[in-house]
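Participant: Right, I'll just put the structure down here and ask away after.
The values are calculated or read from the model by the stated rules, or taken from the named source; none is laboratory data. None of the values given here were measured: they were computed from a predicted structure. Here Cβ is always computed from backbone atoms with ideal geometry, including for glycine, and neighbour counts include all displayed protein chains. For accessibility, only protein heavy atoms count, side chains too; no ligands or nucleic acids. Shrake-Rupley method; radii C 1.70, N 1.55, O 1.52, S 1.80 Å.
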Amino acid sequence: SGVAQMLRGAEFNNFGQKVANRFAVHLHMNTDIDGTVISKNLIRNSNRRCINIKGTHNATIYDNVAYNTKGHCFVLDDGKEEGNTLERNLGART
């Protein structure tokens, strides 16, 4: 199991690089991180995706806003991720 994390109320401006696997917010191979919450964040001008989840289970992602970004915004990378909740997230001008 991974360690529960809290990321709330932050602004990410110009995060995310044009090269592979460089995202504004990236939960990468954390396995089970029950209790993790990513909420009420603003992601602007990302050059590659917004919130990317890979190999990570049971995270809650809600009430985030992404604006003026490139690529997919809220991503379950492999399709094998289980138990993640994504609610009320908004991607505009992506």
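Participant: Please arrange Phe23, Phe74 by accessible surface area, largest first, computed with a 1.4 Å probe and ligands excluded. Walk me through the numbers before you get to the answer.
Facilitator: Values: Phe23 25, Phe74 60 Å².
Per-residue accessible area, sorted high to low, gives Phe74, Phe23.
Participant: Arg93 versus Asn45, label points 7 Å from Cα toward the beta carbon: distance in nm?
Facilitator: The answer from the label model is 1.1 nm.
Participant: Placing +1 on the Cβ of each Lys and Arg and -1 on the Cβ of each Asp and Glu in region 1-64, which of Ala24, Gly35, Met6 has its Cα farthest towards the positive end of the resulting dipole?
Facilitator: Ala24
Participant: In square nanometres, what is one fourth of the surface area of the convex hull spanned by the alpha carbons of region 1-91?
Facilitator: Values: hull surface 19.8 nm².
Mean shadow area of the hull around the Cα atoms is 5.0 nm².
Participant: Still on this structure: Summarise the accessible area of the chain (1.4 Å probe, protein heavy atoms) by the percent that is carbon and sulfur.
Facilitator: Numbers: 2450 of 5380 Å².
Accessible surface attributable to carbon and sulfur in the chain totals 45 percent.
Participant: Give the accessible surface of the chain per residue, rounded to a whole number of Å², with probe radius 1.4 Å and ligands, DNA and RNA excluded.
Facilitator: So the chain comes to 57 Å² accessible per residue, rounded to a whole number.
Participant: So how much slack lies between Met29 and Leu86, counting 0.36 nm per residue of separation and subtracting their Cα-Cα distance, in nm?
Facilitator: Details: separation 57, 0.36 × 57 = 20.52 nm, distance 1.78 nm.
Full-extension gain reported as 18.7 nm.
Participant: For Val65, Val3, give me the order by solvent-accessible area with a 1.4 Å probe, most accessible first, ignoring ligands, DNA and RNA. Mind showing how you got there, number by number?
Facilitator: Numbers: Val65 60, Val3 110 Å².
Result of the area sort, largest leading: Val3, Val65.
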